[in-house]
Amino acid sequence: GGGGGGAGGAVKISDAEICKWANAKVAAAGKSEHISSFKDKSIGSGQFLLALLAAIEPRVVDASIVTSGESDDDKALNAKYVLSVARKLGAAVFLTWEDIVEVKPKMVMTLVASLQLIAELRGREHK
């Protein structure tokens, strides 16, 4: 790929790379959830994010709390649970549950980027 001129020359991981990492992490945990991008409407159900959280730390997600995410109420419950679990893992949570339900790509991306950092730190600890 061509080098895009970024301000300050900091290494900015692209949305696509973070998305790819998240999908790989979920797949490695044997889950079927998958997103095409951070604009993917399926993010609104909360299922993918919960699968990602469970892939990072299985014990932290209680499957009995997770809903199908089909109705608006279920989506809200899942989204709130996503944030609660993310906080438990120590993620930087700058978004609201509404951001997940409404699928605000930038906000969802910040959450997943924070989870990626945590997953990498945890990976180092366990080695």
Kirkwood-based shape ratio for segment 13-126, expressed as Rg/Rh from alpha carbons: 0.92
Farthest positive-ward along the chain dipole, Cα basis, beta-carbon charges - from Leu121, Met109, Gly90: Leu121
Sparsely packed trypsin sites (Lys or Arg not before Pro) within segment 11-87, loop by DSSP, other Cβ within 10 Å at most 11: Lys12
Cβ-based exposure ranking for Leu53, Leu77, in which fewest neighbours within 10 Å come first: Leu77, Leu53
Vicinal HN-Hα couplings computed from phi for segment 21-27 (Karplus, 6.51 cos²θ - 1.76 cosθ + 1.60; Hz; Gly/Pro x): 4, 4, 4, 5, 5, 5, 5
Karplus 3J(HN,Hα) series, Hz, for segment 43-56 with 6.51 cos²θ - 1.76 cosθ + 1.60 (x for Gly, Pro): 4, x, 6, x, 4, 5, 5, 5, 5, 5, 4, 5, 5, 6
Length gained when the stretch Leu117-Asp74 is fully extended (0.36 nm per residue, less Cα-Cα span): 12.7 nm
Fewest-first ranking of Ile13, Ile118, Ile43, using other Cβ atoms within 10 Å as the exposure measure: Ile13, Ile118, Ile43
Inter-probe distance in nm under a simple model that places probes 7 Å from Cα toward Cβ, at Lys41 and Ser84: 2.8 nm
Inter-centroid distance (Cα atoms) of segment 101-127 relative to segment 19-50, Å: 12 Å
Derived scalar couplings ³J(HN,Hα) [segment 94-106; Karplus, 6.51 cos²θ - 1.76 cosθ + 1.60; whole Hz; x for Gly, Pro]: 9, 10, 9, 5, 4, 4, 6, 4, 7, 6, 8, x, 5
222 nm mean residue ellipticity, helices alone, for the chain (DSSP H n ≥ 4; -39,500 (n - 2.57); rounded to 500): -17500 deg cm²/dmol
Charge dipole (debye, nearest 20) of segment 13-126; +1 at Cβ of Lys and Arg, -1 at Cβ of Asp and Glu: 340 debye
Rounded FRET efficiency, nearest 0.05, which uses the C-beta distance separating Lys12 from Arg59 and R0 of 25 Å: 0.15
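Values quoted throughout were computed directly from the atomic coordinates according to the rules given, and no laboratory measurement underlies them. Quantities reported herein were computed from a predicted structural model and do not represent experimental measurements. Note: ideal-geometry Cβ built from the backbone for every residue, glycine included; neighbour counts use all protein chains shown.
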